[in-house]
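Readers should treat all values here as calculations from the given coordinates under stated rules, not as data from a laboratory. For clarity, every value in this text was computed on a predicted model and none was experimentally measured. Reconstructed Cβ throughout: ideal geometry from the backbone, glycine too, with neighbour counts over all protein chains shown.
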Amino acid sequence: MGKRLIVQARGKGSSTYRVRKKAFIYRLSYPRTLSGEGIVLKLINSLAHSSPLAKIKCNRGIFYIPAFRGMVEGQKINFDNKELSNGSILKLGNLPVKTNVYCIESRPGDGGKFIKSAGNNATITRVVGKDIFVSMPSKKEKKFNPDCRAIIGTIAGHGRLEKPIVKAGKKYYIKKTKSKLWPRTSAVKMNAIDHPFGSGRSKNPKSKIAKRNAPPGRRVGLLRPRRTGKRKW
């Protein structure tokens, strides 16, 4: 009897394929309305995030954000337009051009959706009418509402990928904390019962077009291709 494909097994869920809930106990967001200033209570090492997190206390309660480079416990964080310093949470419309920001809101009040991984930041490049254009880490410009909030500075944790992993076991446990399957085996190197491309009978299979109603695990190869067959010039 054949075994479940890896994709099907992960979708079904088991002790082998299960998210580590304890790693995801911190939700990165800031309150819908902020005023005055807050204080950094604690810097936290979260297994589910690439950067250290900051526990912030304000008049609206406690929330968590990615820590910026140089942040220390007990530091004051400004929420008004009085001070443009690292860590200040302000609207994009109140920030000058060439300011480095991170944790940018997609829509005003959603708590921050963009630029949350270690060592990253974005730069405000230009203002056109009521639109703010920001240069993302991918070097592409993105348009934002001026009422979207962001944090001034660069996220801490830069250089975390520079140290070599050295051992395969260490890489395995790093991936496991984020519920990632590693190592990933090539499909043609699997057995025939484990993957549609499996077995060594055809190491260079032709393009396979998956049926549109195929179940998870069988949808491999070309998924809903726009065209098939040999290109005719």
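For this structure, a couple of remarks:
- Rough spin-label spacing in nm, given labels placed 7 Å along Cα→Cβ, for residue 142 and residue 201: 4.7 nm
- Neighbour cut-off at most 16 other Cβ (10 Å), DSSP loop, trypsin sites (Lys or Arg not before Pro), segment 75-138: 82, 98, 113, 130
- Furthest towards positive pole of dipole, 8, 93, 19, structure part segment 1-111, Cβ charges: 8
- Dipole magnitude for the chain: computed about the Cα centre from +1 point charges on Lys and Arg Cβ and -1 point charges on Asp and Glu Cβ, it is near 2140 debye.
- Among [x] 18.2; [y] 21.2; [z] 20.4, the entry derived from the coordinates for Kirkwood radius over Cα pairs in Å: [y]
- Beta bridges by DSSP in the chain, antiparallel share as percent, to the nearest 5: 95 percent
- Relative exposure of 21, 57, judged by other C-beta atoms within 10 Å (fewest first): 21, 57
- Close amide H contacts of residue 118 (hydrogens built in the peptide plane, cut-off under 5 Å, sequence separation of 5 or more or a different chain): 50, 51.
- Extended-chain gain in nm, criterion 0.36 nm per residue less alpha-carbon gap, residue 60 and residue 20: 11.4 nm
- Amide H contacts of residue 100 (H built 1.01 Å from N, under 5 Å, at least 5 apart or other chain): 153
- Each of residue 158 and residue 35 was given a label point 7 Å from its Cα along the Cα-to-Cβ line. The distance between the two points is 3.6 nm.
- Degrees, to the nearest 10: 168-177 long Cα axis against longest axis of the chain: 60 degrees
- Full extension of the chain between residue 227 and residue 84 gives 46.2 nm of extra length, using 0.36 nm per residue less the Cα-Cα distance.
- Potential lengthening between residue 133 and residue 188 on full extension [0.36 nm per residue; Cα-Cα distance subtracted]: 15.3 nm
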